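The values are calculated or read from the model by the stated rules, or taken from the named source; none is laboratory data. Predicted model, so just to flag it, every value in this text is computed and none were measured. Here the Cβ positions follow ideal geometry from the backbone for every residue, glycine too, while neighbour counts run over all protein chains shown.
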Amino acid sequence: MVRISTHVSKKIKYVVSCDSRDDRAPRLMRLDYFLHEGDYEPEAYSGDCDDMAEQVKVYGIEVKKTEADSSESEYVADFTTNEGLAMKMLRLLADNHVTPCCLRDVLDDACANM
């Protein structure tokens, strides 16, 4: 079993910001999309495989929505070990102006359709 450490996660890439109008209200909002990078904890691995002795990068995704009077964000830790896939998902989120409240559902749907 591998336990993934999220406390070592750090923001490493900023993909895009966009100003958009919320469909529910005519006010302007800013959406920011971030890639987080973390590491597996090899010492937490209890199997027989020696391949886990090296650290493996794991990537998480964050969406932050900022309006004039408030902000909210959602973070999905340890989404994938494939940086290219994580960047592809960030681009999908940004292109479709996905807000924090929909992040998990969109990622679930996107992964189910791959």
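Within region 93-109, track down each residue that is in a helix (DSSP H, G or I) and surrounded by 12 or more Cβ atoms within 10 Å (Cβ to Cβ).
At the first step, the residues of region 93-109 found to be in a helix (DSSP H, G or I) are 93-95, 100-109.
Within region 93-109, L93, A94, P100, C102, L103, R104, V106, L107 qualify.
Would you say V58 is in contact with a strand residue (DSSP E or B) (Cβ under 6 Å, 6 or more places away or on another chain), part of a strand (DSSP E or B), of a type outside the set (D, E, K, R) and at pLDDT below 60? Can you show your working first?
Working: in contact with a strand residue (DSSP E or B) (Cβ under 6 Å, 6 or more places away or on another chain): yes; part of a strand (DSSP E or B): yes; of a type outside the set (D, E, K, R): yes; at pLDDT below 60: no.
In short, no.
Looking only at residues in region 78-107 that are under 12 Å from the mean Cα position of the chain (by Cα) and charged (D, E, K, R), which one is modelled with the highest pLDDT?
R104
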